[in-house]
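Q: One structure coming up, written as structure tokens, with questions to follow.
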Amino acid sequence: MRFTTSFVPEIRFGEGVHETIAASARALGVRAVLVVMDGFLAAGGLGERLAAQFNAEEVTVEFFCGFSGEPKLAAVEAATAAARGKDLVVGLGGGSALDIAKIAACVAADAHGPMHYALAAHPLPGRPLRKILVPTTAGTGSETSATTIFTGPEGKKLWIWGPETKADLVLLDPALTVTLPPNLTAWCGLDAFVHAFEATTNRNAHAGAALYAHAALGLLVEALETAVKNPADREARGKVLLGACYAGIAIDNSGTAIAHTISHALAGLAPVHHGLATALGFEATLAWLVEADTADLAAAARACGLQDAAMLPGFVAGLMDRCGIVRALPAAFAAFTADDLAREMRAPENQPMRRATIRPVSDADIDAFATIMMALPRAL
């Protein structure tokens, strides 16, 4: 066995740790900071408190909140422009805020725009701005991964990858996640679950990633349902947040697989929450996947407290039921057919995830999965 594990940033976990953002930035020796922050967090008073933090540390701060939904090219470009001349970028919010912050911190170090680096067309600048990442949702694991996702000019999901995107410091504070609504808690949590599962069962899986992936699966199985049903339970929130972080480390080492081929393809057709799309794609493919009957699938099942991989489809369906996940797509998908989704699944940007899947994914398989997905109600 031979493998290499990727760099894991410094991680600080605990209630109230977000109150040290400015002091942590000052300790890194910076003087000018851009905070990329979800607008609803800023409007809720967190922006003012954070500005006071930086003022007390005598660090100049500027806020960028000009985005909503999935990261779009215009927002990434605007954040990059705002980051130029800064020493550090703080990403505070969900996966969109973190991804925008990561890209801006890298691209601001050079004269080129984000599209210059999309799909690894060119290496990222070697001296990015420093980065502190503070997630307020528990799903994407962007705080510990080298991957960033944004929507390009044609509405397709693109990625920028490189160790340069990774954080210098990650702050995990369960207190920042308690206001996340139950449906978003469930969608994000299932996204993290699929990250951990795919990272430890695909063709790129190795023992270094499994260490984090299996820990993530255990934490999420233990706490996700509680976090959905009892949002104020900070112990459960903390376990889900840590599970998502560990899952991010796992995918940073081993990547994802067929469920993410589907979720990225869905996003290429119409707006849909990534966590929901991934959960739906995972459920649609899991029975087919576990027929591979590999040692890695069996180990993942045991990490979930199950005897064997054959129990996984029923277990996941039950978890989704208990977390209140409705099996439906947004109404915007009424304009599309299974053929449209199959075409997106075959797009070049989605092939790495298809190839990483432990079972070979034939064109017939893609057609079958697309048919399952597009048979879902378009009722959200």
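The values are calculated or read from the model by the stated rules, or taken from the named source; none is laboratory data. No experiment lies behind these values; they were computed from the predicted model shown. Reconstructed Cβ throughout: ideal geometry from the backbone, glycine too, with neighbour counts over all protein chains shown. Protein only, heavy atoms only, side chains kept; ligands, DNA and RNA dropped before computing areas. Shrake-Rupley method; radii C 1.70, N 1.55, O 1.52, S 1.80 Å.
Q: What about residue 26, is it in a helix (DSSP H, G or I), basic (Lys, Arg) and surrounded by 18 or more Cβ atoms within 10 Å (Cβ to Cβ)?
A: On the way: in a helix (DSSP H, G or I): yes; basic (Lys, Arg): yes; surrounded by 18 or more Cβ atoms within 10 Å (Cβ to Cβ): yes.
Criteria met by residue 26.
Q: Same structure again: Cβ-Cβ distance below 6 Å, separation of 6 or more or different chains: which pairs start in the range 163-186 with a residue that is over 30 Å from residue 122 (Cβ atoms) and open to solvent by 10 Å² or more (accessible area, probe 1.4 Å) and end on one that is hydrophobic (A, V, I, L, M, F, W, C) and assigned to a helix (DSSP H, G or I)?
A: Here the result reads 182/228, each pair linking the range 163-186 to a residue that is hydrophobic (A, V, I, L, M, F, W, C) and assigned to a helix (DSSP H, G or I).
Q: Across the range 327-373, what is the number of residues that are over 21 Å from residue 286 (Cβ atoms), among the acidic types (Asp, Glu) and at pLDDT 95 or above?
A: Selection size over the range 327-373: 2.
Q: State all residues of the range 119-162 that are open to solvent by less than 40 Å² (accessible area, probe 1.4 Å), under 22 Å from residue 12 (Cα atoms) and of a type in the set (S, T, N, Q); if no residue qualifies, say none.
A: Across the range 119-162, the qualifying residues are 136, 137, 142, 144, 145, 148.
Q: Scan 211, 224 and give me the residue that is in a helix (DSSP H, G or I) and surrounded by 21 or more Cβ atoms within 10 Å (Cβ to Cβ).
A: Working: 211 fails: surrounded by 21 or more Cβ atoms within 10 Å (Cβ to Cβ).
Going through 211, 224 in turn, the sole match is 224.
Q: Okay, moving on. If you take the residues in the range 278-306 that are touching a residue at least 40 places away in the same chain (Cβ under 8 Å) and β-branched (Val, Ile, Thr), which one is most open to solvent (accessible area, probe 1.4 Å)?
A: The qualifying residue most open to solvent (accessible area, probe 1.4 Å) is 294.
Q: Out of the range 187-208, which residues are open to solvent by 50 Å² or more (accessible area, probe 1.4 Å) and of a type in the set (D, E, K, R)?
A: 203, the sole residue that qualifies.
Q: So, one more: Which of the numbered conditions does residue 160 fail, given that it passes all the others? Conditions: (1) closer than 23 Å to residue 213 by Cβ; (2) touching a strand residue (DSSP E or B) at 6+ places or on another chain (Cβ under 6 Å).
A: Unmet for residue 160, out of (1) closer than 23 Å to residue 213 by Cβ; (2) touching a strand residue (DSSP E or B) at 6+ places or on another chain (Cβ under 6 Å): (1).
Q: Does at least one position in the range 79-102 carry a residue that is among the charged types (D, E, K, R), within 19 Å of residue 158 (Cα to Cα), in a helix (DSSP H, G or I) and without any contact (Cβ under 8 Å) to a residue 40 or more places away in the chain?
A: Filtering the range 79-102 down to residues among the charged types (D, E, K, R) leaves 84, 86-87, 99, 102.
From the residues that got through so far, the ones that are within 19 Å of residue 158 (Cα to Cα) too are 99, 102.
Now drop any that are not in a helix (DSSP H, G or I), which leaves 99, 102.
From the residues that got through so far, the ones that are without any contact (Cβ under 8 Å) to a residue 40 or more places away in the chain too are none.
Within the range 79-102 (the criterion being among the charged types (D, E, K, R), within 19 Å of residue 158 (Cα to Cα), in a helix (DSSP H, G or I) and without any contact (Cβ under 8 Å) to a residue 40 or more places away in the chain), the answer is no, since none of the residues qualifies.
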